[in-house]
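Following: one structure in structure tokens, then a few remarks.
The values are calculated or read from the model by the stated rules, or taken from the named source; none is laboratory data. This is a predicted model, so every value here is computed, not measured. Using ideal geometry, Cβ is built from the backbone for each residue, glycine included, and neighbour counts are taken over all protein chains shown.
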Amino acid sequence: MSEILDLKTIHDYNEFLGLETLNPLVSFVDFSKVEMLQHRRKCFNFYGIFLKEKIHGTLVYGRSRYDYQEGTLVFVAPGQVAGIDDDGVTSHPEGYALLFHPDLIRGTYLARKMKEYTFFSYEVNEALHMSERERQTIFNCFGEIQKELRHAIDKHSRSIIVSNIEVLLNHCLRFYDRQFITREAINSDVLTRFEALLNEYFDSKKPEELGLPSVAWCADQLHFSANYFGDLVKKQTGKSAIKYIHLAVINTVKDRLLETNKTVSEIAYEVGFQYPHHLSRLFKKVAGCTPNEYRMQK
């Protein structure tokens, strides 16, 4: 396995590809202009949006390996490691990449919005699969940014480029919403598995050993990134993943309140609460009454 290439700047990546740097904070790459692409795992210290039409090799992203599907959009955030580590090359690669450094957007409205673009924390197997019309929209956004990069840098350059990046990311949000809908059958299966996972969890000794299940733990068990899983649950149910977990907890507690003579404290420890009053607070928030009041009503 080759050493990870640490790419600190946009220029570092352009230099790796043998391309000219037009702007130190943002770059648009047309891979057809790269004669030979050396396969390396790379640590990106900037944002990257990749659309590769031709690639040979299995992509390594974080600790996982994926067969990279052609024609999909993959998003990389600063600090993430991705690439192919087979020491091979792709001759005459095809595709595009938009790269921008956090300094480009620092202090802008887009910087404050970046947390909304959760797809930068998705795994590669959760890439955006686009229709032909959506691809054309992405190409149009790429074209506007590329046009501005060719323009002589002036006082308007940064705001125009940042605005176009925001438009591009907003389109990606829309397309992911569409992907969640068009994959509804698959997503429904995920929800069924999620529910089964929670039932199995509360029927075991895991709550006493591990505490309440977290969204990240559930996502990992179901082979998703936490952000993608959270977004999927929200789109399908209208509830956040943590709220879904809380409902499962309270339903379990309700069953035990009615089916056993155990105290609220005993039940709290059994389902994973470290302190019983935390259960009482959550129970009242969700059910509208305390655990003891619920038991008395029934």
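Taken over region 265-298, the criterion of being among the hydrophobic types (A, V, I, L, M, F, W, C) and under 33 Å from the mean Cα position of the chain (by Cα) is satisfied by Ala268, Val271, Phe273, Leu279, Leu282, Phe283, Val286, Ala287.
Examine region 58-71 for a residue that is at pLDDT 60 or above and within 18 Å of Tyr13 (Cα to Cα), and state whether such a residue exists.
First pass over region 58-71, keeping only residues at pLDDT 60 or above: 70-71.
When the remaining residues are screened for being within 18 Å of Tyr13 (Cα to Cα), the result is none.
There is no residue in region 58-71 that is at pLDDT 60 or above and within 18 Å of Tyr13 (Cα to Cα).
Residue-wise test of (1) more than 30 Å from Phe175 (Cβ to Cβ); (2) of a type in the set (S, T, N, Q).
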{"site": "Asp203", "(1), (2)": "yes, no"}
{"site": "Ser214", "(1), (2)": "no, yes"}
{"site": "Arg256", "(1), (2)": "yes, no"}
{"site": "Ser265", "(1), (2)": "yes, yes"}
{"site": "Leu282", "(1), (2)": "yes, no"}
{"site": "Val286", "(1), (2)": "yes, no"}
{"site": "Arg295", "(1), (2)": "yes, no"}
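Of all residue pairs spaced 6 or more apart or on separate chains, those with beta-carbon atoms under 7 Å, a first member in region 259-286 that is free of Cβ contacts under 8 Å to residues at least 40 places away in the same chain and a second member that is surrounded by fewer than 17 Cβ atoms within 10 Å (Cβ to Cβ) and not in a helix (DSSP H, G or I) are Ser280/Thr290; Phe283/Thr290; Lys284/Thr290.
Could you tell me which residue of region 262-298 is modelled with the lowest pLDDT, considering only residues that are polar (S, T, N, Q) and farther than 19 Å from Ile242 by Cβ? Talk me through it step by step, then tell me what you get.
The first filter runs over region 262-298 and keeps only residues polar (S, T, N, Q), leaving 263, 265, 274, 280, 290, 292, 297.
Filter again for farther than 19 Å from Ile242 by Cβ, leaving 263, 265, 290, 292, 297.
Details: Thr263: 94, Ser265: 95, Thr290: 93, Asn292: 91, Gln297: 82.
Only one residue fits best here, namely Gln297.
The residues in region 112-143 that are under 15 Å from Asp177 (Cα atoms), in contact with a strand residue (DSSP E or B) (Cβ under 7 Å, 6 or more places away or on another chain) and among the β-branched types (Val, Ile, Thr) can be counted, and the count is 0. Listed by first and then second residue, the pairs with beta-carbon distance under 8 Å, at least 6 apart or on different chains, first residue in region 122-147 and free of Cβ contacts under 8 Å to residues at least 24 places away in the same chain, second in a loop (DSSP other than H, G, I, E, B), form an empty list. Exactly one residue out of Glu184, Glu166 is acidic (Asp, Glu), under 30 Å from Glu20 (Cα atoms) and in contact with a helix residue (DSSP H, G or I) (Cβ under 8 Å, 6 or more places away or on another chain), and it is Glu166.
Screening Leu128, Leu98 for residues that are of a type outside the set (Ser, Thr, Tyr), touching a Cys at 6+ places or on another chain (Cβ under 8 Å) and buried (at least 19 other Cβ atoms within 10 Å of the Cβ) leaves exactly one candidate, Leu128.
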